[in-house]
Amino acid sequence: MRDFAAIDFETANYYPTSICAIGLVVVRGGELCDSLYRLVRPEPEYYIRKFTAIHGIRYEDTAKEPCFAHVWSEFQEKIGDLPLVAHNKAFDQNVLRATCRMYGLEMPDVPFYCTLQQAHRVIPRREIDNYRLPTVCAYLGIAFGRHHNALDDAEGCARIAQRIL
């Protein structure tokens, strides 16, 4: 694929609607050409320590940020009619669907692909310890930032998609 948008969500708690960060990387003509990162006030608005320990985002970081409904239009403009890609699509698509439903927003009507599923198909299990995003990036020789930073994860996913989708 040469044109797509890689997306990643971080959540504050076990509710799929509790988005606290969104990262998006747009690829056109095979080149990373645009990105967007936003902190978001989650709904419900509380954090579980376990989740904060994973991504480092705290209540204080998002208390004055807009909710998903106020930032989603920015992301939709960049996505347009591009297919979406995520590493573990099951999680990200569920989060997006539940949150759009909660706010009465339309879910993007575009194909949604999964680099995790594709990695399982194309990378032999004997050659890799696991299929987590940083591990797949390392296996493919892709420089990777900080895991569970939504923008770094979206970029890692985009670079994987360029290689294996």
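The values are calculated or read from the model by the stated rules, or taken from the named source; none is laboratory data. Just so you know, these numbers come straight off a predicted model, no measurement behind them. All Cβ positions, glycine included, derive from the backbone under ideal geometry; neighbour counts span all protein chains shown.
Numerical summary
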quantity: Tally, over the range 113-165, of residues that are part of a helix (DSSP H, G or I), among the aliphatic types (A, V, I, L, M) and more than 14 Å from the chain's Cα centre (by Cα); calculated: 6
quantity: Condition broken by Asp81, with the remaining ones in (1) within 27 Å of Tyr15 (Cβ to Cβ); (2) without any contact (Cβ under 8 Å) to a residue 60 or more places away in the chain satisfied; calculated: (1)
quantity: Cross-chain or 6+ apart pairs with Cβ under 6 Å, the range 65-76 first and among the acidic types (Asp, Glu), then at pLDDT 95 or above and surrounded by 16 or more Cβ atoms within 10 Å (Cβ to Cβ); calculated: Glu65/Leu39; Glu65/Val40; Glu65/Arg41
quantity: Verdict on Glu127 being modelled with pLDDT of 95 or more and in contact with a strand residue (DSSP E or B) (Cβ under 8 Å, 6 or more places away or on another chain); calculated: no
quantity: Enumeration of residues in the range 105-120 that are more than 18 Å from Glu77 (Cβ to Cβ), free of Cβ contacts under 8 Å to residues at least 60 places away in the same chain and out of contact with any helix residue (DSSP H, G or I) (no Cβ under 6 Å at 6 or more places or on another chain); calculated: Pro111, Leu116, Gln117, His120
quantity: Where a residue in the range 85-104 is aromatic (Phe, Trp, Tyr) and at pLDDT 95 or above and its partner, wherever it lies, is surrounded by fewer than 16 Cβ atoms within 10 Å (Cβ to Cβ) and outside any loop (DSSP other than H, G, I, E, B), with Cβ under 8 Å and at least six apart; calculated: Tyr103/Ala69
